[in-house]
Each structure stands twice: as C-alpha cells, then as structure tokens.
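Here's the structure, in structure tokens; my notes come after.
The values are calculated or read from the model by the stated rules, or taken from the named source; none is laboratory data. Not measured: the values here are computed from a predicted model. For the accessible areas, the whole protein counts, side chains as well, though only heavy atoms, and no ligand, DNA or RNA atoms are used. Shrake-Rupley method; radii C 1.70, N 1.55, O 1.52, S 1.80 Å.
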Amino acid sequence: MQHLAVAPLGMTFLTSQTSSYAPAIGIVGVVILQCLFSQWGMMNQVFDTTPLTFIQALICIGVGFPVVLIALILQRFDPLN
C-alpha cells in the first residue's frame with residue numbers, strides 16, 4: 001500500500017510499508033560514519049582528538065542502544081503517522 005507524504009520543503013512523494021526499514025538503515029549509516037570519522041587519523045589531526053579505545057566505544061554503544069530501543073518500542077505503540 002502506498003501513501004502520499006509531504007516533505008518539509010513541500011515536495012511530495014509516495015511512501016510504502018517497506019520504508020519501515022529507513023530508521024534502521026539511518027542508524028547503521030550514522031554509526032559507520034561516526035566510527036570512520038572518530039577513528040580516522042586525518043580527522044583526529046584536523047579536530048585535535050584521539051581515537052576511542054575499544055572499551056570507550058563499548059560504553060558509547062551501551063549508553064546509546066537503550067535510547068534507540070525505547071524509541072522503537074514507543075514507535076510501535078504510538079506511531080507518528
């Protein structure tokens with residue numbers, strides 16, 4: 001089933017039920033890009049930072065994962081659409 005949606009800039013487009021994977025794809029994409037930029041030596045030099053250790057990365061994931069899980073549960077009970 002397709003639905004008509006209006007984007008913030010006034011553009012309209014058709015969406016479908018398969019777009020339910022969009023948040024997961026977005027989260028995975030952001031995590032990959034964040035790892036790339038935080039661990040890449042060139043970015044560390046540009047921003048005068050150091051790469052995270054494995055334990056520090058696990059702490060970040062451990063703190064962020066419950067937030068994503070809660071958001072997905074809330075979306076299930078009270079969807080924005």
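The phi-based Karplus calculation (6.51 cos²θ - 1.76 cosθ + 1.60; θ = phi - 60°) puts the 3J(HN,Hα) values of the stretch 25-39 at 5, x, 5, 4, x, 5, 4, 4, 5, 5, 5, 4, 6, 7, 9 Hz, whole numbers, x for Gly and Pro.
The mean accessible area for residues of the stretch 33-81, using a 1.4 Å probe and ignoring ligands and nucleic acids, is 92 Å² per residue.
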